[in-house]
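Here is the structure we will look at.
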Amino acid sequence: DEAQIHAADTFGARLGLAFQIRDDMLDIEGDAAVLGKATHADERQGKTTYPALIGMEACRREVERLTTEAVAALDVFQDRTFLSELAWALTNRLK
């Protein structure tokens, strides 16, 4: 129904942005051996990233806020456990 479509859209948008911010953070503070790729690539390429714009601590808060909003959007669904756990796993990942 319309409420579920809106909820799925909100979930995807919030989680997608949280994932990207976390990815930008890992490029700065991640371990290349764990990530399986070189770090600081965004900086070397001159990319504008969330950490460059607002700092790491603000990024941590933003990832938390966006993930919380993404998970809250799932309240219209009866079984939301998998998506909720997936959201938190993706935004708290180390690689």
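The values are calculated or read from the model by the stated rules, or taken from the named source; none is laboratory data. Just so it is clear, the structure is predicted and the values come from calculations on it, not from any experiment. Every residue, glycine as well, gets a Cβ built from its backbone with ideal geometry; the counts of neighbours run over all protein chains shown. Please note that ligands, DNA and RNA were not included when accessible areas were found on the heavy atoms of the full protein model with its side chains. Shrake-Rupley method; radii C 1.70, N 1.55, O 1.52, S 1.80 Å.
Here are some notes:
- Leu35, Leu86, Leu94, Leu26, ranked by accessible area, largest first (probe 1.4 Å): Leu94, Leu86, Leu35, Leu26
- Dipole of the chain [Lys/Arg +1, Asp/Glu -1 at C-beta], most positive-end residue of Leu35, Ile5, Gly55: Leu35
- Added length on full extension, which subtracts the Cα-Cα distance from 0.36 nm per residue, Glu29 to Ile54: 7.5 nm
- Accessible area of Val34 (1.4 Å probe, protein heavy atoms only, ligands and nucleic acids ignored): about 70 Å².
- Helix 81-91 vs. the chain, principal-axis angle (Cα, 0 to 90°, nearest 10): 20
- Computed magnitude of the charge dipole of the chain (debye, nearest 20; Cβ of K, R +1, Cβ of D, E -1): 320
- Order of exposure, largest accessible area first, which applies to Arg60, Arg14, Arg22, Arg44 with probe 1.4 Å: Arg44, Arg60, Arg14, Arg22
- If the segment from Thr10 to Ala41 were pulled out straight at 0.36 nm per residue, it would be longer than the present Cα-Cα gap by 8.2 nm.
- Taking every C-alpha pair closer than 8 Å and separated by at least 6 residues, the mean separation divided by the residue count of the chain gives a relative contact order of 43 percent.
- In this structure the chain gives 63 Å² per residue of accessible area when probed at 1.4 Å with all protein chains present.
- Per-residue SASA entry for Ile54, accessible area with 1.4 Å probe, Å² rounded to 10: 80
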